Amino acid sequence: KKQNMSNAFFQVPVAVNEPVREYKPGTEDHTNLIAKYREMHNQKPIDVPLYIGDKRVSTSTKNAMTPPHDHQKVLGHYSVGDASHVEAAIDAAMNAREEWANLPWEQRAAIFLRAADLLAGPFRDKMNAATMLAQSKNVFQAEIDAVCELIDFFKFNVQYMTQIYKEQPESLPGMWNRLEYRPLEGFVFAITPFNFTSICANLCAAPAMMGNVVVWKPAESQMYSAQVIMELFKEAGVPDGVINMVSVDGPVAGEVVFKHKDFAALHFTGSTAVFRHLWKEIGNNIEKYRSYPRIVGETGGKDFIMVHKSANAAQVATAMTRGSFEFQGQKCSAASRAYIPNNLWDDVKKIVVDQVSSFKMGSPEDSSNFINAVIDERAFDKIAGYIDFIKEQDDAEIIVGGNYDKSKGYFIEQ
């Protein structure tokens, strides 16, 4: 008979931020990463399945995965599921739930600490290259997101988990109040965006770390690196069924998930409009659930820069250009407006124009390119529409950039 001998108070390793590698041209780090990028770019097109329990499910409906900066190049295809696959993923999650929930917390923690070590080592180049290829991030943007931030999520979340478990109520004389934290009585539905590989993995890993089981729907434009995330989870020892990945249309998934009695939580990052719709769906079906679902969502915003008249013009300009145009502005934290005093505007404008004009644009394979492509044709057309609108206005002007070209990739001149 197997016995659990965890009669000890465990102290997890102190979390520290993963150092960001510089990838200077000519260094071993740079050479290895670009070699991995080219290997994955030139290899035979891959097939990304659905991950349901212990099965890798391939369907007859497949969508192509193409680099935003070279949309005629096919990196591979991912299988598109239907309602039956969502139901199967929920069943797989619920079947895995009891054993995973009863696993001692330190063993769950060890799995994700191992994931952090694997990502820092043998998975580093592959995760970065996948993010560069299919999400069109440059070397630096991939490194700070897909590797460093995700490693930090794994390590710091283990530390935060122990802090949560240590939170206990006070006790009066003659009594001992104790609080035990247990997983939700159902499954977590994770819906993730394209723009941060780390967020995609963390929206699954964070609830799983606490003993929950997950059905994950990645964004269609992130499926390439989603495959690497699932490989990382499996290599780290996440049991089959704990995190299930399904690629299905949103309404198809929602029709199954939000009417299922075992739906216990939504973990979401995406647009405000979609989140509002999902919240309403959950509310409209509240009587169907075993318990009240937890709802966690992060949506977009319109971030502004407010400048004081005493500010340093060069610092303001650099904050504007970096804050607005890193990863083509496709971040919820990207600056989208600035309020600048008249006494500084001439100097700020000159520096902004000089800096933005100096940005190189092209494929992430060339690490001197600061600007890469926007994620897909829909985003390109939307932004091009904004540019065309401004060009027709009498009360606005474009001070730098203003051109666009999608003949090879979805490039917007900054």
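The values are calculated or read from the model by the stated rules, or taken from the named source; none is laboratory data. It should be emphasised that the depicted structure is a prediction, and the values quoted were computed from it without experimental measurement. Neighbour counts run over all protein chains shown; Cβ positions are idealised from the backbone, glycine included.
Before we move on, is S225 modelled with pLDDT of 95 or more, under 25 Å from T61 (Cα atoms), surrounded by fewer than 24 Cβ atoms within 10 Å (Cβ to Cβ) and under 15 Å from the mean Cα position of the chain (by Cα)?
When the stated conditions are applied, S225 does not pass them.
The residue pairs whose first member lies in the stretch 254-275 and is farther than 16 Å from C200 by Cβ, whose second member is acidic (D, E) and surrounded by fewer than 19 Cβ atoms within 10 Å (Cβ to Cβ), and whose beta carbons are closer than 7 Å, counting only pairs six or more residues apart or on different chains, are G254/E281; V256/E87; F258/E281; A264/E185.
Does the stretch 336-358 include one or more residues that are within 30 Å of F187 (Cβ to Cβ) and within 29 Å of the chain's Cα centre (by Cα)? No, the stretch 336-358 has no match at all. Restricting the stretch 164-214 to residues that are in a loop (DSSP other than H, G, I, E, B), polar (S, T, N, Q) and in contact (Cβ under 8 Å) with a residue 40 or more places away in the chain, the residue that is surrounded by the most Cβ atoms within 10 Å (Cβ to Cβ) is N212. Scanning the stretch 377-414 for residues that are closer than 22 Å to A64 by Cα and buried (at least 18 other Cβ atoms within 10 Å of the Cβ) returns A379, F380, G409, Y410, F411.
Please verify whether the stretch 259-269 includes one or more residues that are in contact with a Gly (Cβ under 9 Å, 6 or more places away or on another chain), among the β-branched types (V, I, T) and part of a helix (DSSP H, G or I). If you could, list the steps in order and put the result at the bottom.
Here is the first cut: in the stretch 259-269, the ones in contact with a Gly (Cβ under 9 Å, 6 or more places away or on another chain) are 260-269.
Those still in the list that are among the β-branched types (V, I, T) too: 269.
Imposing the further condition that a residue be part of a helix (DSSP H, G or I) reduces the set to none.
No, the stretch 259-269 has no match at all.
Only one entry in K261, K217 is buried (at least 16 other Cβ atoms within 10 Å of the Cβ) and closer than 23 Å to D91 by Cα, namely K217.
When you go through M230, M245 one by one, which is the residue that is under 21 Å from V158 (Cβ atoms) and assigned by TED's automatic domain parsing to the domain that holds P67? Exactly one of M230, M245 is under 21 Å from V158 (Cβ atoms) and assigned by TED's automatic domain parsing to the domain that holds P67, namely M230.
Of the candidates V16, V20, the single residue that is in contact with a Lys or Arg (Cβ under 9 Å, 6 or more places away or on another chain) and either polar (S, T, N, Q) or not assigned by TED's automatic domain parsing to the domain that holds F123 (or both) is V16.
Name the residues in the stretch 193-222 that are more than 25 Å from I164 (Cα to Cα), under 12 Å from the mean Cα position of the chain (by Cα) and not aliphatic (A, V, I, L, M), would you?
P193, F194, N195, F196, T197, K217, P218, S221, Q222
Taken together, the residues in the stretch 124-153 that are closer than 24 Å to P45 by Cβ and surrounded by fewer than 20 Cβ atoms within 10 Å (Cβ to Cβ) amount to 1.
Tell me yes or no: at least one residue of the stretch 84-95 is touching a residue at least 12 places away in the same chain (Cβ under 8 Å), in contact with a Pro (Cβ under 9 Å, 6 or more places away or on another chain) and outside the structural domain of F325 (by TED's automatic domain parsing). No, every residue in the stretch 84-95 fails to be touching a residue at least 12 places away in the same chain (Cβ under 8 Å), in contact with a Pro (Cβ under 9 Å, 6 or more places away or on another chain) and outside the structural domain of F325 (by TED's automatic domain parsing). Scanning the stretch 65-83 turns up at least one residue that is part of a helix (DSSP H, G or I) and either farther than 20 Å from I144 by Cα or in the same structural domain as M161 (by TED's automatic domain parsing) (or both).
Within the stretch 215-254, the residues that satisfy the criterion of being small (G, A, S), over 23 Å from L75 (Cβ atoms) and not in a helix (DSSP H, G or I) are G237, G241.
Taking the stretch 306-414 and the helices (runs of 4 or more DSSP H) fully enclosed by it, the elements with 2 or more residues that are of a type in the set (A, V, I, L, M) and touching a helix residue (DSSP H, G or I) at 6+ places or on another chain (Cβ under 7 Å) are at 313-325, 342-358.
Scanning the stretch 236-251 for residues that are buried (at least 18 other Cβ atoms within 10 Å of the Cβ) and farther than 22 Å from I151 by Cα yields G241, V246, S247, V248. When the stretch 249-284 is filtered for residues that are of a type in the set (S, T, N, Q) and touching a strand residue (DSSP E or B) at 6+ places or on another chain (Cβ under 8 Å), only T269 remains.
Please tell me if F156 is surrounded by fewer than 20 Cβ atoms within 10 Å (Cβ to Cβ) and of a type outside the set (S, T, Y). Criteria met by F156. Starting from the stretch 319-343, take each residue that is closer than 21 Å to V139 by Cα and modelled with pLDDT of 95 or more and list its partners that are among the charged types (D, E, K, R) and in a loop (DSSP other than H, G, I, E, B), counting only C-beta distances under 7 angstrom and pairs at least six apart or across chains. Close Cβ pairs (under 7 Å, with a partner that is among the charged types (D, E, K, R) and in a loop (DSSP other than H, G, I, E, B)) amount to F327/K137.
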